[in-house]
Every structure is written in C-alpha cells, then in structure tokens.
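The structure appears below as structure tokens.
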Amino acid sequence: MSNFSKPTDSSTSQAGSQTIERARHPAADALGMFVKNRAAAVALFVLVLIVVAGIVGPIVYETDPYDMVWAPFSPPGQEGFLFGTDYLGRDILAGILHGTRVSLLVGLSAALMTVFIGVTVGALAGFFRGWVEELLMRITEFFQVLPTLLFSMVIVALFGPTLTVITIAIGAVSWPAVARITRAEFLRIRELEYVTASRASGTRNAKLMFSVILPNALPPIIVQAALMVGSAILFEAGLSFLGLTDPNIVSWGQIIGSNRPYILDASYTVTFPGVAIFVTVLCLSLVGDGLNDALNPKLRQR
Amino acid sequence: MGTLLKVENLVIELSTTKGVAPVIDDLSFELQAGQTLSFVGESGCGKSMTALGIMGLLPEKVGRIASGSILFNGEDITKATDDRLREIRGNDISMIFQEPMTSLNPVFSIGEQIAEVLRRHQKLEKAAAWAQAIELLDAVRIPDAKRRASSYPHQLSGGQRQRVMIAMALACEPRILIADEPTTALDVTIQAQIFDLLEDLRAQTGTAIIMITHDMGVVAEIAERMIVMYAGRMVEQGQVDHVLSHPRHPYTKGLIDCVPHLMATLTEQRAELTEISGIVPSLAEFGQDTCLFASRCHLANQQCLQARPTEQHFNEQQLVACWRAGEV
Amino acid sequence: MDKSKASDTLLKVENLTVQFPIKRGSIIGKKKWLRAVDDISFTIKRGETLALVGESGSGKTTAALAAARLVKAHSGSVELNGEDFLALDDETLRTARAKLQFIFQDPYSSLNPRLKAESIVREPLANLNTGSQTNDKKAEHNRIVDELFEAVGLRPEQKKLFPHQFSGGQRQRIGIARALATQPELIICDEPVSALDVAVQAQILNLLRKIQHERNLTYLFISHDLGVVQYMCDSIAVMYLGKIVEYADRLSLFNNPQHPYTAALLSAVPSVDRQRRSKYKRILIPGDTPDALNPPIGCRFSSRCPAAQPICSESEPPLISRTDGHQVACHLVSDTGESPISALI
C-alpha cells in the first residue's frame, strides 16, 4: 500500500468551508427539529411527568389502592381525598397513581412486541422478496382483516385475563401496520445505491438487513411505535371497560371498568382515570407527530 | 422588433434562517422580440430565481423583489397587482420546467389540461378548446394527436410530456417563453427534437425565448445572447459567438473549458480538463462587496477581495464584471 | 497470476443476457420477460477504459450490474482475470468482490446517511478482511483510510463528518475512496459525474484519470454523455435497446460512426465548437425508444432509422467487423465501413 500519492490537484480547498465543521449526527438534527415543535416538546414534558408520577407516586402517596379507606362515593376534594372514592370506598387518586405503572407498562410492552413482530416480518418480506414476501404478506393481511377488538377479546377469553395475556393480545392484533410500514421502507431502501454499494463490497445479508437498511428504515417505525403505545393503552382500557381485565391489578382502564355501573351517579369515578388516559394518549400522539416532523428528511432540508 | 423586456438593476432577496441574502444582485438586461437569450451558470447561481422573479412566482414570504424594475412592454411588473401578474402569466409570459411530470396534473388527460388553459385565457368554448388543443399537440409533433389527447401524463414518455408542457405554454400565444433546463432530464436525441421544435416555433410565432441551462453546448446551439451568472450576479453577457470565442471572465472561461466537448475532429491527444476548484459560495456569502468568484479564481488579487468588480464594456456588445478581464 | 494472456485482457464478457419478469394484467397470466440486456459481449484490457454508451432504457447500467453480479444474469459468462465470476459460490464471491468495485451515479443516495465518512470508506475493508494480522488490523485499516482520503483530495478532519455535511463533488470523492479501499483491479463507474455540477465534473473526471494512471486501474465506464466518454475512454460500445449496435476504439468511433444510431447520437450533442456544428448536420431521429417488451422485428433501430430499408425490419443484423476491428450491427454499412447515413446528409 505504498502507492497512495499526495493529491496534486488544487481541489482540496473548498470555498466556504474554511471553518472546520463539527460532525453532526443525523439524529442530532432531528432532535433540534423536535425541540422546535412547541406542542411536541410540551407533550414530551407532560409524558415525563406522568412517567415520574407512575414511578414515584406510589412511593410518596402511600395509600393502598385496594384498601377501602373511606365511605364509598365520597366526592372529590372532600374528606382529604383529592379525586374522591369509588363504590367500595377506595381512593381513586391512589388507584390512578398505581395504575399509571400498569397502563404505561402494558402500552410499552404491547408496542415493543408489535414493533418486534412487525419489523421482523416486514424486514424479511421486504429484503428477500419472492415467495418469502408473498407468504409473510398473506399472513399479515390475514391478521389485518380480523376485527381487532373481537380477536383480542377471544384471546383474552381463551387464555384468561392476566396482564401478560392482555399485552400479547394487543400485540397480536396490532403488528400488521408496523409490518407493512417496515416492508415498504425496506423495498424503497434496498434499491438505493448505498445498499448496492454495501453489497458490492461484500456485506453479508444479515448485516445488510439489520445494520445497513434497518437503521435507515427506523424513522417511520419509531413514529408508529410512539403512536402504538397510545393505542395500546386505549386498547387495554377498552378491554377493561368490557370487564376483560385482571381484577386484582389496578389500571386506569380497570378503574373505569369497575366503576362503570355508577357512571351516572358518580361520574367523577370514571372521569379522572378517563382524563389520565386522554392526556397520556394525546401526549403520545403529539410526540408521535413531532417525531414524524423531526425525522422526515423532506421537512428538514435547509 | 423592439425591446420586449427590460430588466434594470434588479435585486431579489431571499430570507433564510441565517438572514437575508441577495440571490439576484443588481441584474440588468434586455430581451428583444423573437430573440433567444440564455442564462448559464452552476446550480445556486440565481438562474432560476431570475425566471421566477420575471414570472412573479417568487416563493411567498421568503423571496421578494427588493429594488429595480422589470419592464415588460414598458410596464413595470414589479409594481403590478396580483391580478395583473396573473393576466401577464396567462397571456404574455409562459414557463416550462425541467421535470414535466410534476408540472402536469396526473388525474386529467393532457387534452383536457391544454383545453383548460385555452378556455381560461382565450375564453374558448369547450368544443373549440378541445379542437385547438389537438391542433397544438400536433404543432408540438405528438404523433397521432387526436387519439393522444385523451392520454394521461403517465402514459407518455419524458420527451412527449415536455412537448405537452410546451403546447400548454403556447396555448396562450405568449410573447416570451421561459424554459428552465427543459431538456436536462431527457436523452440527447430527444433534446435535439425539443430544440428543433422550439426553434421552429420561435421562427413561426416570433416568441422570444429565455433558456436557462448549465450546458455551454446548448447555449451555443440555440441562443443569440447569453448571460453568465455567478452567485446571484451577472459576470458576463453578450453575443453568444463573442462570448464563447473570447470569454472575458475567468468563470465563463472555466465553464467552457471544464467540459470535455466533442470537437470537429478527435485526436489521440487528451489534455487535462481545466478545473474550477471549490464550489459555489453559500447564500450567507452573497452580497459582499468583493468579487464572489475570487476564492475559486486563479487570477484573483487584492483588488478582487476588496471591492465588487464594476461592469466593463468590451467591443460594444460584451459586458464583463471582472477586475482582471483584460488578462483572461 | 499467469502472465501471458491473463495480464492482457482483464474482463471478458460473453453473450451476457439479463431478463426481468414482467407482471401484466391478471395474476395467472403468462409471465412476460423483458430482455434488458440481450446477448452482449465485450472485453477490456488491463489499464484501459471501455465505455458503455446509450440513452435511458438501453440496458447499459443493467449490463454492468450483471457483470458485477449485483443483478442476476440469465445466461452468458463474465471472466475476470480468467476466472468465471458468474460461477463463484456465494462465499467466494463475497471475497472476490474485492477485485471489482463500483462508483455510483447519485452522490446523495450512494452513501449511507448514518455512517461517518471514514466508516463508509472502511466498510469494504472490514467486510473483505484485507488486513494482515488481526492485532494491527484496526490500525492498518485506519492507515489505509487516511491514505485514501488524501488520494481523493479530502482533508483528514473530514473523516468524522456525515455525508449530508459534504457537497456533491466531495461525496463523489468519498464514493471513489470507498471503491479504492480493497485495491480493486476493475472499477465500474456508473455515470459518475452526471449528477454533478459542470464545474465539479471536471474535478472528478481528472481525479478518476489520475488514480487510473497511478494504480493501473481498469474502468468500465457507463455514461450517456458522449463528451465525457470521448475524454475518458479507449474504446466504446454503443447500446440500443439491450443490444450493442457499434463497438470500436475511440478515434474510429468518434471520427467515423458507422451505425445510423451512433451517428444520430453524436450529431445530437450540442457543441461549443463552431467548426463541428457546421461540419455535422444534426440528424434528427423521430419518436422515442420503443417499448422494450415489444422491440421492433429485425433491427431494433429500424423503427426510427432515417436510412432504413425493407431488409432492416426483416432480419436482425449481426455485430460484425468490416473494417479493422470496428464492429457494427447494421445491414447497410458498406464494406469500406461507410455509414448509410452519409448518403443522406
């Protein structure tokens, strides 16, 4: 390797780049864009608060959400219970704080599962094309045409209403959207010249798929995942409302579900957990939008 | 043949996140009826911006005409109302673009799109407009125009789409046709067809053409006058023959010499191409009181860095903005 | 490496055909095949440059991709250094790729936006493991990357930047450095300057010529720009609708184009040379390139050829040499190598 010579052409000096540029990772640009989106930034802040409340809340606010601490249906603000008590005299605030963990956990793990299945299926289909794609996409379509709520109810009914089953049920009905997005991205990116270049320099298929194409396909998947957390929380609430939930574990949906019969007499018992779900899902949605804007290269140019 | 378009000391500013930049900086030129004028330069030099300025199509809120005038038939269109501008765009000045696919509406047939223009600008009846649309398609040499009029843009080749764009532009019988790199996306044999078509149309209708291009060969082939732009400023203008055979600005010379042209007779000898080192300065550097080309110029000296070059005349028709024009 | 024959001819492509299945209409309908590259053969001598020239849809890029096994060839052979490239099994192919590298057209999509410039150049080194000892491998790779950056005219501090921080010309330099990393013998340049500004094109063309001399590289150069081809290449193959219609050395082809298509193509190139403009009348060929699914019967150019005769739409002309090594596929070229076009001008 001694034949590397010095450049003789004058072209090394580029106009306008005398100042040494710092390396800017594409993700850093995206973060800058995200922060500029006021609504998304505020939503992210609120989300962080909610997460903190979920972690710290139960430790600081020691009331046990399962304990009957006072007379049933005591309205909010009275008797020292900020959000009032439910039909069994349980503290709703304690329920919401404890439920935060569960709801967020269900949302996150269902979204993770969705992304895992969806990305795997979509990546394989988009990368290998041919019969692999045909087979995987037919399976995807099969899951997509099933009525989601009904299908997940069937799963929960069959395997029992534990949190794990509920999470799996939500994941099982939600992954097709991610699979389709991933496949579309793979189909687009695999034709780009840098992928061909990587192939031409002897990159193995597995590496090509997961360390060349996948990182570039991530932006829309990340956006979808953020939205997915929100819809999984909603989904869990929906199932709870129908009574398909673990009665021994308090979640936002479970509070609403168990207080459902008293919705007219003591509306606050469902309003507060409802607001918690609403705010969380709205924030997730706004963050998703913000991510979409930040990660969309078309909006980022100049 | 009188002066159709007279642009005087035009300054167009563009607001960017880093401030306001003069993307067209003190540009003056004239266009005679029936003449072909060419703008040449690298991308980012203000060629397209000039065209958009004349058309009144500067990007809203971002670009504006800061000073100077654009006299079309004696009327200053920088002061015209939006309605008047629209009228001028429809009837007097038309424009065709580099990528015809994005300029055509995919959900209407090409006949309908041309007829629509005719109905709007010439107030024709539906049937008459359709008939004339077919005539126009025939005029731009679309084979089997009658049947082709019902085709949709995606059913046509790139060359045919560009012909449709030309037909639409001609539907208003414009006095000036601005063509922004109309053949850059096309193959050379198709490019030759389009040039041939434009040349014929110009001869028949007397439409003046402003051709924006980066290819000196194209300029030599179809234009009479040329303006070389660099970083928003005119660096040289004159008769094409004069400028190409005796470029006075180092940038013009560089643009001619950096491309391996096909010559009359090819020989074994292949000289190294002349390079113009570096790249066009960023918008932030536009508008400084220096020669903006100095950083890429092998002739640059102290004077070039201290003041913007004044425009000098060379043998009547050639105008050059370079401190060292005499030495090129 | 045996010296006699192999050192002369580096790449020998014979009867290469590439076809793609086309789905049209119903799902069950018969599969139609589009012959993007139809039975082409060419050779390149070590240290020389061959151009594949043609307009869009001529199959020039597909031919090159197939030669590099980045697109599957239907039939034919590709011999690199006397070794059949198409017959290699996957693992041997992976390492054999070191000898054959690519430079791409689009400097924006040819670099992975998530890698730093140095990682892009290092990627082929890491994949193909060209380093010697495992211990110093990393250091050696770093040294090679440094040298490559210098060789293509990039500054060392630019190693840490991401692709979007470079201009088009600089990105193309990174692409060239990447192609050089494995010390290839053959580099396929696919329209390497057509996406660049004119003034930057010269920088890249000069650089390509310089490294060719320094490293005794062989180029397969794909381009639609005849001016660039004339400057870069030693011999030229003109393609039309998947076929080679004319194949000759540089001077012979440019000074005496025999095929009507080549003549029309050359005459269509706008030129700043007034002498050339007056010498060559522009030969206008009507219409567009025909649909590759239904190419004209007989000579594929017959539907647009200004000199076409009845025989042209009856039988396909073979690619033969009438005058010294100048091959042309046209029924009407005279035995002295005179183009049928010359009678028309």
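The values are calculated or read from the model by the stated rules, or taken from the named source; none is laboratory data. Since the structure is predicted, the reported quantities are computational estimates derived from the model, not experimental observations. With ideal geometry, Cβ positions are generated from the backbone for all residues, glycine too; neighbour counts draw on all protein chains shown.
Taken over segment A:179-212, the residue count meeting the criterion of being on the phi > 0 side of the Ramachandran plot and modelled with pLDDT of 90 or more is 0. Might you check whether a residue that is under 22 Å from the mean Cα position of the chain (by Cα), surrounded by 11 or more Cβ atoms within 10 Å (Cβ to Cβ), within 14 Å of chain C (Cβ to nearest Cβ) and at pLDDT 60 or above occurs anywhere in segment A:2-25? So far as segment A:2-25 goes, no, none of its residues is under 22 Å from the mean Cα position of the chain (by Cα), surrounded by 11 or more Cβ atoms within 10 Å (Cβ to Cβ), within 14 Å of chain C (Cβ to nearest Cβ) and at pLDDT 60 or above.
If you go through segment A:161-207 and keep only what is within 18 Å of C:ASN127 (Cβ to Cβ) and more than 10 Å from chain C (Cβ to nearest Cβ), you end up with A:ARG190, A:ALA206. Against the definition (under 19 Å from A:GLY253 (Cβ atoms), of a type in the set (Val, Ile, Thr) and either touching a residue at least 40 places away in the same chain (Cβ under 8 Å) or buried (at least 21 other Cβ atoms within 10 Å of the Cβ) (or both)), how does A:THR100 come out, yes or no? Spelling it out, A:THR100 is indeed under 19 Å from A:GLY253 (Cβ atoms), of a type in the set (Val, Ile, Thr) and either touching a residue at least 40 places away in the same chain (Cβ under 8 Å) or buried (at least 21 other Cβ atoms within 10 Å of the Cβ) (or both).
Counting only strands (runs of 3 or more DSSP E) that sit wholly inside segment C:23-102, those with at least 1 residues that are under 14 Å from the mean Cα position of the chain (by Cα) are C:32-45, C:49-53. Residues in segment B:196-219 that are under 19 Å from B:VAL40 (Cβ atoms), more than 7 Å from every other protein chain (Cβ to nearest Cβ) and surrounded by 21 or more Cβ atoms within 10 Å (Cβ to Cβ): B:LEU198, B:ALA208, B:ILE209, B:ILE210, B:MET211, B:ILE212, B:THR213, B:VAL219.
Does segment A:47-54 include one or more residues that are closer than 30 Å to A:LEU291 by Cβ, small (Gly, Ala, Ser) and either modelled with pLDDT under 85 or under 30 Å from the mean Cα position of the chain (by Cα) (or both)?
yes
Taking B:ILE114, is it β-branched (Val, Ile, Thr), in contact with a Gly (Cβ under 7 Å, 6 or more places away or on another chain), touching a residue at least 12 places away in the same chain (Cβ under 8 Å) and in a helix (DSSP H, G or I)? So B:ILE114 fails the test.
Scanning segment B:4-62 for residues that are part of a helix (DSSP H, G or I) and basic (Lys, Arg) yields one hit, B:LYS47.
The residue that is surrounded by the most Cβ atoms within 10 Å (Cβ to Cβ), among those in segment B:60-84 that are touching a helix residue (DSSP H, G or I) at 6+ places or on another chain (Cβ under 8 Å) and free of Cβ contacts under 8 Å to residues at least 40 places away in the same chain, is B:ILE77. Meeting the requirement of 1 or more residues that are within 11 Å of chain B (Cβ to nearest Cβ), small (Gly, Ala, Ser) and without any contact (Cβ under 8 Å) to a residue 40 or more places away in the chain, the helices (runs of 4 or more DSSP H) wholly within segment C:137-254 are C:198-215. With respect to the conditions (1) at pLDDT 90 or above; (2) surrounded by fewer than 19 Cβ atoms within 10 Å (Cβ to Cβ); (3) more than 14 Å from chain C (Cβ to nearest Cβ); (4) closer than 29 Å to C:PHE162 by Cα, A:ILE139 falls short on a single one, namely (4).
Could you list all residues from segment A:239-265 that are assigned to a helix (DSSP H, G or I) and either surrounded by 21 or more Cβ atoms within 10 Å (Cβ to Cβ) or among the β-branched types (Val, Ile, Thr) (or both)? Selection gives A:LEU239, A:SER240, A:TRP252, A:GLY253, A:GLN254, A:ILE255, A:ILE256, A:GLY257, A:SER258, A:ASN259. Take the conditions in contact with a strand residue (DSSP E or B) (Cβ under 6 Å, 6 or more places away or on another chain) and outside any helix (DSSP H, G or I) and apply them to B:ILE209. Does it pass? Yes. The residue of segment B:251-270 that is farthest from C:ALA268 (Cα to Cα), among those that are outside any loop (DSSP other than H, G, I, E, B) and more than 7 Å from chain C (Cβ to nearest Cβ), is B:TYR251.
Determine whether B:LEU244 is surrounded by fewer than 22 Cβ atoms within 10 Å (Cβ to Cβ), away from every other protein chain (no Cβ under 12 Å), part of a helix (DSSP H, G or I) and in contact (Cβ under 8 Å) with a residue 24 or more places away in the chain.
So B:LEU244 does not fit the description; no.
Just one of the listed residues (B:GLY2, B:GLY44) is surrounded by fewer than 22 Cβ atoms within 10 Å (Cβ to Cβ), modelled with pLDDT under 90 and closer than 26 Å to B:ASP215 by Cα, and it is B:GLY44.
Just for segment B:121-165: of the residues that are within 13 Å of chain C (Cβ to nearest Cβ) and assigned to a helix (DSSP H, G or I), which one is surrounded by the most Cβ atoms within 10 Å (Cβ to Cβ)?
Once the filter is applied, the top-ranked residue is B:GLN162.
Only residues that are surrounded by 24 or more Cβ atoms within 10 Å (Cβ to Cβ) and either at pLDDT 90 or above or facing another protein chain (nearest Cβ under 8 Å) (or both) were counted across segment C:95-111, and they come to 8.
Scan segment B:279-321 for residues that are more than 22 Å from the chain's Cα centre (by Cα), free of Cβ contacts under 8 Å to residues at least 40 places away in the same chain and farther than 30 Å from B:GLU224 by Cβ and the total you get is 13. Any residue that is more than 9 Å from every other protein chain (Cβ to nearest Cβ) and over 19 Å from the mean Cα position of the chain (by Cα) - is there at least one of those in segment C:263-275? Yes; the residues of segment C:263-275 include at least one that is more than 9 Å from every other protein chain (Cβ to nearest Cβ) and over 19 Å from the mean Cα position of the chain (by Cα). Reported count of residues in segment A:208-238, each being within 14 Å of chain C (Cβ to nearest Cβ) and surrounded by 22 or more Cβ atoms within 10 Å (Cβ to Cβ), is 3. Could you check segment C:281-301 and list, in sequence order, the residues that are closer than 18 Å to B:GLU221 by Cα, facing chain B (nearest Cβ under 8 Å) and not charged (D, E, K, R)? Matches in segment C:281-301: C:LEU284, C:ILE285.
A:ARG138 passes every criterion in (1) without any contact (Cβ under 8 Å) to a residue 40 or more places away in the chain; (2) within 21 Å of the chain's Cα centre (by Cα) apart from (2).
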